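This report concerns only the one structure given below.
The values are calculated or read from the model by the stated rules, or taken from the named source; none is laboratory data. Just so it is clear, the structure is predicted and the values come from calculations on it, not from any experiment. Here the Cβ is made from the backbone with ideal geometry for all residues, glycine too, and neighbour counts use every protein chain on show. What goes into the accessible areas is simple: the full protein's heavy atoms, side chains included, and nothing from ligands, DNA or RNA. Shrake-Rupley method; radii C 1.70, N 1.55, O 1.52, S 1.80 Å.
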Amino acid sequence: MKGLIRAGLLIPKGIYAVMKTLPQKNQVTILSRQSDSPSLDICMLADKIREKHPDYEVVVLCRTLGSGL
């Protein structure tokens, strides 16, 4: 059983090792599932991040999830 768990953990570690070598962007993504438009606190957070880190791109994704599949 322990061998199976260890083998299962190797897959995400391997994926992470490969992803680590790829170029990275200076980007912050803020996600919300509560509404289709950003709320006031999300807008304020994005503005503060832009103010403190002007070299970062801030992406806000808002989408209400419907019920069911």
If you roll a 1.4 Å probe over the chain with all protein chains in place, what percent of the accessible area is carbon or sulfur? 61 percent
For all pairs of alpha-carbon atoms in the chain, what percent lies in each bin of width 10 Å, listed from the first bin to the last filled one? 17, 26, 24, 26, 7, 0
Helix-derived [θ] at 222 nm for the chain: sum -39500 (n - 2.57) over DSSP H runs of at least 4, divide by residue count, nearest 500? -15500 deg cm²/dmol
Listed by chain and number, the residues whose amide H is under 5 Å from that of Val58, excluding neighbours fewer than 5 places away on the same chain and using placed H, are Val28
Length-normalised contact order of the chain, Cα under 8 Å, at least 6 apart, in percent, tallies to 38 percent
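Residue separation times 0.36 nm, minus the C-alpha to C-alpha distance between Val58 and Leu22: what's the value? If you can, show how the numbers build up before the last one.
On the way: separation 36, 0.36 × 36 = 12.96 nm, distance 2.01 nm.
Working it through step by step, the gained length comes to 10.9 nm.
Using 1/(1 + (r/R0)^6) with R0 = 25 angstrom and r between the beta carbons of Leu65 and Met44, what's the FRET efficiency to the nearest 0.05?
Using R0 = 25 Å, I get an efficiency of 0.60.
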So, for the chain, what is the accessible surface per residue at a probe of 1.4 Å, expressed in square angstrom? 92 Å²
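Give me the extension gain from Glu51 to Ser32: residue separation times 0.36 nm, minus the current Cα-Cα distance, reported in nm with one decimal.
Details: separation 19, 0.36 × 19 = 6.84 nm, distance 2.12 nm.
Working it through step by step, the gained length comes to 4.7 nm.
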